[in-house]
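What follows is one structure encoded as structure tokens, with my remarks underneath.
The values are calculated or read from the model by the stated rules, or taken from the named source; none is laboratory data. Values in this document were obtained by computation on a predicted structure and should not be read as measured data. FYI the Cβ positions are ideal-geometry reconstructions off the backbone, even for glycines, and counts take in every protein chain you see.
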Amino acid sequence: MSKIEIIPAILPKDFAEVTEKIELIKGFSKQVQIDICDGQFVQNATWPYRKHDDNFDRILREEEGLPGWEDLSYEFDLMVNRPEEIVDEWVKAGASRLILHAEAKGDLAAAIIRLSGVVEIGLAFDIESPLELLELHKDRIQFVQCMGIDNVGFQHQSFDDKVIGKVKLIKERYPDMAISVDGGVSLETAPKLIEAGADRLVVGSAIFNNDNPLDALQKFKSL
């Protein structure tokens, strides 16, 4: 069994896609990441900001839960501006982890303070972004997410080898900080990231675009 945590990632156009893909991995993964894009921080927009439906409203009213919530823990990668305005909603929706982006507009510190002691907090950095904010917030966050692609918010992007150096640097400076890598993770790039010091690998298209998603998931888990 791999010591690396493999986290399937869903970039959903609508709630039906969340449900469909959760069904594919339910019982075979304990954690799933849902990529949430507001169409402002990144050009892409996903559920529930792509087109309003009442599924998210029903979840917030606790009239229904996230698909598979009895067996799965959800982390939401909030690729949004002004995260301080919406983090409470995602906690209420059932998040166990929330990921905020260092480059987002808004009051990042306020969002982190609101979440402290409530859920696990991850702070994501683009490949070229400096790590000053990590030093500022390191005592309130539980993990760092390094983006392995340049154009975040979209799948099928090319892996950028520079993220390997970033993982190594963070592991050297903050040896006790868990490191997740999201974007461009494949069976070819994963071993390099593990060797560099990654603790978690977030995998989207390499699992869900495979003809056999469960087989692909198991191959990642065997690394």
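Just a few scattered comments:
- Complete set of residues in region 172-196 that are within 16 Å of residue 147 (Cβ to Cβ) and more than 18 Å from the chain's Cα centre (by Cα): 192, 196
- Subset of region 201-213 [touching a helix residue (DSSP H, G or I) at 6+ places or on another chain (Cβ under 7 Å) and touching a residue at least 12 places away in the same chain (Cβ under 8 Å)]: 201, 203, 206, 207, 208, 213
- Cβ-Cβ contacts under 7 Å between residues 6 or more apart (or on different chains), taken from a first residue in region 70-92 that is in contact (Cβ under 8 Å) with a residue 12 or more places away in the chain to a second residue that is of a type in the set (Asp, Glu) and part of a loop (DSSP other than H, G, I, E, B), are listed as 84/107.
- Test: residue in region 149-169 that is surrounded by fewer than 22 Cβ atoms within 10 Å (Cβ to Cβ), of a type in the set (Val, Ile, Thr) and not in a strand (DSSP E or B): yes
- Filtered by the rule that a residue be surrounded by fewer than 17 Cβ atoms within 10 Å (Cβ to Cβ) and either at pLDDT below 95 or under 22 Å from residue 179 (Cβ atoms) (or both), region 81-102 gives a lone residue, 96.
- Cβ-Cβ under 9 Å pairs, at least 6 apart or on other chains, region 120-146 side in a helix (DSSP H, G or I), far side surrounded by fewer than 19 Cβ atoms within 10 Å (Cβ to Cβ): 134/173; 134/174; 134/177; 135/173; 135/174; 136/109; 137/109
- Strands (runs of 3 or more DSSP E) contained in region 3-112 and holding at least 3 residues of a type in the set (A, V, I, L, M) and either under 17 Å from the mean Cα position of the chain (by Cα) or under 23 Å from residue 138 (Cβ atoms) (or both): 5-10, 31-37, 95-101
- The number of residues in region 206-217 being surrounded by fewer than 17 Cβ atoms within 10 Å (Cβ to Cβ) and in a helix (DSSP H, G or I) comes to 2.
- Which listed residue is in contact with a Ser or Thr (Cβ under 9 Å, 6 or more places away or on another chain) and acidic (Asp, Glu), from 38, 53: 38
- Lone qualifier among 112, 179 - being in contact with a His (Cβ under 8 Å, 6 or more places away or on another chain) and at pLDDT 95 or above: 112
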